[in-house]
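Structure record follows, encoded as structure tokens.
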Amino acid sequence: MESTAIAAKIAEIEAEMAKTQKNKATEGHLGLLKAKLAKLRRELIDATTKKSGPAGDGFDVTKAGDARVGLIGFPSVGKSTLLSTLTETESEAADYEFTTLTAIPGTLVYNGARIQILDLPGIIEGAKDGKGRGRQVIGTARTCDVILIVLDAAKPLPMKKKIEHELEGFGIRLNKRPPNIVVTKKDKGGVGYTATCDQTFINTDVVKSVCRELKVNNVDIVAREDCTVDQLIDAIEGNRAYIPAVYALNKIDQITIEELDLMDELPSWVPICASHRWNLDELLELIWKKLDMTRCYTKPHGKAPDYEDPVILKHGKRTIEDFCDHIHKAMASELKYALVWGASAKHQPQRVGKEHILADEDIVQIVKRS
């Protein structure tokens, strides 16, 4: 099926879902429609791949630094101004749409970490279906550690909803965690389903219908939490990107204090004005929190700790072995033990091995085998 025909079919199913009342009686039907939608989106990516390169390809920007943050937003919301303000990188800004036509990188140093900031071209409606540079924009967004969604303070909620819809359609899940569903593919035996807790939305019939639509014929599925049909589909597809997001409410100089107070109460939202450099400290603090990185300082034997150049460890990679690998791949194999000062140590210092998990701003001294 051609990409235009697939896109039309997607629109047809989305329209049917929009007019279908959500209740217990329609759950199975909606679940089937969602599975069809997931399959069509996969086919759309495959169809456009033949014309424009590998599925989900983004812009050719080499990852640099300790983390990557992508600026996403509709045209003319101030992304280029924000990049220039945060990183002193020249990204053309103007009062007309589509100033940025490719991904423009800049580097910000914050808390000792080098953070790459990418200004991506303005997203448009239909990006998930291949319109404009949508596939490249969203494909690059999937490589980011945090997505910074820039919204116009004059109309933030409609923009937020539309952008989330585009990102969701391309398999990006913002500020969510993967569902606790174990999917094990097998060679034969059909579809097996087990739930270790009560389920509100899925049952054996729903699971089998979804698997049939997705052409997954031999699989064992174990649901370990109360899951939705969307989460079931995500787990079966297995290619979703779960990325933290921050919402920058830009151009707050153009709205009233009352409007600002309402927006300031929303989670993960930061009101800013990039052109006037208002409230950028709060924005950077929230980005840092979402990145969830750990700073550790090296302490050479007989010397003071090096507070100028911390070792930056990412979420899930915080052991002494990870610390060693970050400095040099051979260091872990030469490790005898490490001395740690800081929050992770039971006493100061504590002698630890490779498996010890470090905390933010710990000080580490590596002792090698003689």
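Nothing in this text is a laboratory measurement; each read-out follows from the coordinates by a stated rule. Keep in mind that what you see is a predicted model, and the values were worked out from it rather than measured. Here the Cβ positions follow ideal geometry from the backbone for every residue, glycine too, while neighbour counts run over all protein chains shown.
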*Per residue of the range 326-343, in order, report the coupling 6.51 cos²θ - 1.76 cosθ + 1.60 (Karplus, θ = phi - 60°) as ³J(HN,Hα) in whole Hz, putting x for Gly and Pro.*
5, 7, 7, 4, 7, 5, 4, 6, 9, 5, 8, 6, 10, 9, 10, 10, x, 5
_Cα pair distances of the range 331-370 binned at 10 Å [whole percent]_ = 34, 54, 12
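Could you list HIS326, HIS356, HIS347 in order of exposure, starting from the residue whose Cβ has the fewest other Cβ atoms within 10 Å? Please report the intermediate quantities before stating the final value.
Details: HIS326 16, HIS356 20, HIS347 8.
With the fewest neighbours first, HIS326, HIS356, HIS347 line up as HIS347, HIS326, HIS356.
Suppose R0 equals 45 Å. What FRET efficiency, 1/(1 + (r/R0)^6) with r the Cβ-Cβ distance, do LYS24 and THR107 give to the nearest 0.05? Before the final figure, lay out the partial values.
Values: r = 52 Å, r/R0 = 1.16.
Given R0 = 45 Å and the Cβ-Cβ separation, E is 0.30.
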*Exposure proxy order (Cβ contacts within 10 Å, fewest to most) of TYR242, TYR337*: TYR242, TYR337
*Under 15 Å, Cβ to Cβ, from ALA332 - net charge with Lys/Arg +1 and Asp/Glu -1*: +2
*Other-chain or far-sequence residues with amide H under 5 Å of ARG173's (modelled H)*: ALA241, TYR242, ILE243
_Among ALA235, LEU291, THR256, whose Cα projects farthest towards the positive end of the dipole of the range 218-321, with charges put on the beta-carbon of Lys, Arg (+1) and Asp, Glu (-1)?_
LEU291
*Please give the length that would be gained between HIS326 and ILE357 if that part of the chain were fully extended, namely 0.36 nm times their separation in residues minus their C-alpha to C-alpha distance (nm, one decimal).*
9.7 nm
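Can you tell me the alpha carbon radius of gyration of the range 135-231 divided by the globular rule-of-thumb value 2.2 N^0.38 Å? Mind showing how you got there, number by number?
Numbers: Rg = 17.3 Å, N = 97, 2.2 N^0.38 = 12.5 Å.
In units of the 2.2 N^0.38 Å rule of thumb, it is 1.38.
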*How much mean residue ellipticity at 222 nm does the chain get from its helices, if each DSSP H run of length 4 or more adds -39500 (n - 2.57) and you divide by all residues, to the nearest 500 deg cm²/dmol?*
-10500 deg cm²/dmol
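Using DSSP, restrict attention to beta bridges with both residues in the range 134-276 and report what percent are antiparallel, rounded to the nearest 5. Walk me through the numbers on the way to the answer.
Numbers: 5 of 22 bridges.
Taking every DSSP beta bridge within the range 134-276, about 25 percent pair in antiparallel fashion.
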*Report the full-extension gain for the segment LYS188 to GLN350: residue separation times 0.36 nm, less the Cα-Cα distance, to one decimal in nm.*
53.1 nm
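Find the relative contact order for the range 293-370 and round it to a whole percent, using C-alpha pairs within less than 8 Å whose residues are 6+ positions apart. Show your work: numbers first, answer last.
Details: 154 pairs, mean separation 29.1, N = 78.
Rounded, it is 37 percent for the range 293-370.
Can you work out D for the range 294-368 in µm² s⁻¹ from Stokes-Einstein, where Rh is the Kirkwood radius over C-alpha pairs, the temperature is 25 °C and the viscosity is 0.890 mPa s? Could you put the intermediate results ahead of the total?
Numbers: Rh = 11.9 Å.
The Stokes-Einstein estimate is 205 µm²/s.
So, with +1 on the Cβ of K and R and -1 on the Cβ of D and E, and no other charges, what is the size of the charge dipole of the range 294-368 about its Cα centre, to the nearest 20 debye? Please report the intermediate quantities before stating the final value.
Values: 12 positive and 11 negative charges, 51 e Å.
In total the dipole reaches around 240 debye.
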*Per residue of the range 354-370, in order, report the coupling 6.51 cos²θ - 1.76 cosθ + 1.60 (Karplus, θ = phi - 60°) as ³J(HN,Hα) in whole Hz, putting x for Gly and Pro.*
4, 7, 4, 9, 7, 10, 4, 6, 5, 10, 10, 10, 8, 10, 8, 5, 7
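Compute, for the range 145-187, the length of the dipole vector about the Cα centre, with Cβ point charges of +1 (Lys, Arg) and -1 (Asp, Glu) only. Units Debye, rounded to 20. Show your work: numbers first, answer last.
Working: 9 positive and 6 negative charges, 37 e Å.
Dipole magnitude for the range 145-187 comes out near 180 debye.
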*Where in the range 102-117 does the amide nitrogen come within less than 19 Å of the point 7 Å from the Cα of ALA304, taken along Cα to Cβ?*
112
*Cross-link partners among lysines for LYS368, C-alpha distance below 23 Å, same-chain residues fewer than 8 apart left out?*
LYS299, LYS303, LYS317, LYS329, LYS336, LYS346, LYS354
_Explain nothing, just the number: relative contact order of the chain, from Cα pairs under 8 Å at least 6 residues apart, as a whole percent._
13
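Rounded to the nearest 5, what is the percent of antiparallel bridges among the DSSP beta bridges in the chain? Walk me through the intermediate numbers first.
Values: 26 of 55 bridges.
Of all bridge pairs located within the chain, approximately 45 percent are antiparallel.
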*GLU308, GLU237, GLU12 arranged by Cβ crowding within 10 Å, fewest neighbours leading*: GLU308, GLU12, GLU237
*Putting +1 on Lys and Arg Cβ atoms and -1 on Asp and Glu Cβ atoms, find which of SER275, LEU335, PHE170 reaches farthest to the positive end of the dipole of the chain.*
LEU335
_Modelling each spin label as a point 7 Å along the Cα-to-Cβ direction, I'd like the LYS215/ALA11 distance in nm, to one decimal._
2.5
_Long-range tail of P(r) for the chain (Cα pairs > 27 Å, %)_ = 58
*Please get the size of the charge dipole for the chain, origin at its Cα centre, with Cβ charges of +1 on Lys and Arg and -1 on Asp and Glu, quoted in debye to the nearest 20.*
1600
*Among GLY122, ALA67, CYS197, flag the residue with its Cα farthest along the positive direction of the charge dipole of the chain, charges on Cβ as +1 for Lys/Arg and -1 for Asp/Glu.*
CYS197
